[in-house]
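Asker: Questions regarding the structure given below will be posed in turn.
Read-outs throughout are calculated quantities, based only on the coordinates presented, and are distinct from any laboratory measurement. Source: prediction; values computed, not measured. Every residue, glycine as well, gets a Cβ built from its backbone with ideal geometry; the counts of neighbours run over all protein chains shown.
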Amino acid sequence: MAGKGIIMATQEELRRLHVIQNVLEGGLKQVEAAEILSLSSRQIRRVVKRVKKEGQRGIVHRSRGRPSNRKIPDQLKDKVIKLYRGRYKDFGPTLASEKLLERDGVTLSDETLRRWLMEAGDWKRVRKRRRHRQWRERKGHRGEMVQMDGSHHAWFEDRGGSCVLMGLIDDATGDTFGRFYDHEGTMPAMDSFRRYIRRRGSPLKVYLDGHSTYKSTAKPTIEDELEGVEPLSEFERALKELGERSVMPIAPRPKGGLSDSLGPFRTE
């Protein structure tokens, strides 16, 4: 195309030029051209006027071949890198961008600074490591603590309805006990625990999760707050009467679900 240098037109611009030339030659009306190019009549008039004045070059977008108005001069980039190396070497991009504005009057986003520093080899993107969950050490003696939980699963596949396995596992030995119920609730929990202690004896502690069956969701009364006690679920009260101590995890269960720990189990 005529003009300074050579500017390559895109396929879409060549298509537009062909339509505009048909308008100039009288083969198309401007209204028809607007419909073909999905432009307004005003836009078509403007393009026709530009092509008449500038020739084929008038079809090319005005910003083609020009540096972006948003592009920051290379001199500023060099200056910032130099300032960072000299004054803010131990700073991260976010803090360094704040200090550049505060002390040096340089307005720069932390993302731009981070990109420049990475390109210059002065910064590496650090991925946050997931917090490693340490496994709790198993108890040393049988009966010292028993884990208890309900596992909801289609245990019988299509041969029966869904049910809950109320399972108990000795923390020290891994010995298991389980019984099926139609739901996880206070009565199934009490019944399975009663059957367990008849066969295995009463454990010192019972490790439970935050299910409403085991942990009361009621808010403490004024009397409870004055006495420094928390509301107990029916199951917690039963354990307390038996002299058992219930243990509630602060974080999610460290060994996964009880069904993961059970493996082969015996139901009774």
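Asker: Using modelled backbone amide H atoms (1.01 Å from N, in-plane), which distant-in-sequence or interchain residues come within less than 5 Å of TRP155's amide H?
Answerer: CYS163
Asker: Charges only on Cβ, +1 for Lys and Arg, -1 for Asp and Glu: so what's the dipole of the stretch 84-200 about the Cα centre, in debye to the nearest 20? List each step's numbers first, then the result.
Answerer: Numbers: 26 positive and 19 negative charges, 109 e Å.
Computed charge dipole of the stretch 84-200: roughly 520 debye.
Asker: While we're looking at this one, here's another question. Mind listing the phi-derived Karplus ³J(HN,Hα) values for the stretch 30-44, rounded to whole Hz, using 6.51, -1.76 and 1.60 with θ = phi - 60°, and x for any glycine or proline?
Answerer: Karplus values, whole Hz, x for Gly and Pro: 4, 5, 5, 5, 4, 5, 5, 8, 6, 10, 7, 4, 5, 5, 4.
Asker: While we're here: Students often get this wrong: which residues of the stretch 160-195 have the backbone nitrogen under 18 Å from the point 7 angstrom along Cα-to-C-beta of VAL247?
Answerer: Counting backbone N atoms under 18 Å from the label point, the list is 167-177.
Asker: Round to the nearest 0.05 the FRET efficiency obtained for ASP104 and ARG15 when R0 = 45 Å and r is the Cβ-Cβ distance. Let's see the in-between values first.
Answerer: On the way: r = 50 Å, r/R0 = 1.10.
Step by step, r from the Cβ atoms, then E = 0.35.
Asker: Once the piece of chain linking GLU111 and ILE36 is laid out straight, how much longer is it, given 0.36 nm per residue of separation minus the C-alpha distance between them?
Answerer: Numbers: separation 75, 0.36 × 75 = 27.00 nm, distance 4.21 nm.
Gain in length upon complete extension: 22.8 nm.
Asker: If you filter the stretch 132-213 for GluC sites (Glu not before Pro), then keep DSSP loop positions with at most 12 other Cβ within 10 Å, what is left? Please list the in-between numbers first.
Answerer: Details: sites: GLU137, GLU144, GLU157, GLU184; in loops: GLU137, GLU144, GLU184.
Listed in order of number, the matching sites are GLU137.
Asker: Using amide H atoms built in the peptide plane, which far-off residues or other-chain residues are under 5 Å from MET145 H to H?
Answerer: Amide H to amide H, under 5 Å and 5 or more residues apart or across chains, MET145 pairs with ASP171, ALA172, LEU204, LYS205.
Asker: Among the chymotrypsin sites (Phe, Trp or Tyr not before Pro) in the stretch 143-193, which ones are in a DSSP loop with at most 13 other Cβ atoms within 10 Å of the Cβ? Mind listing them?
Answerer: Passing both the DSSP loop test and the Cβ count: PHE156.
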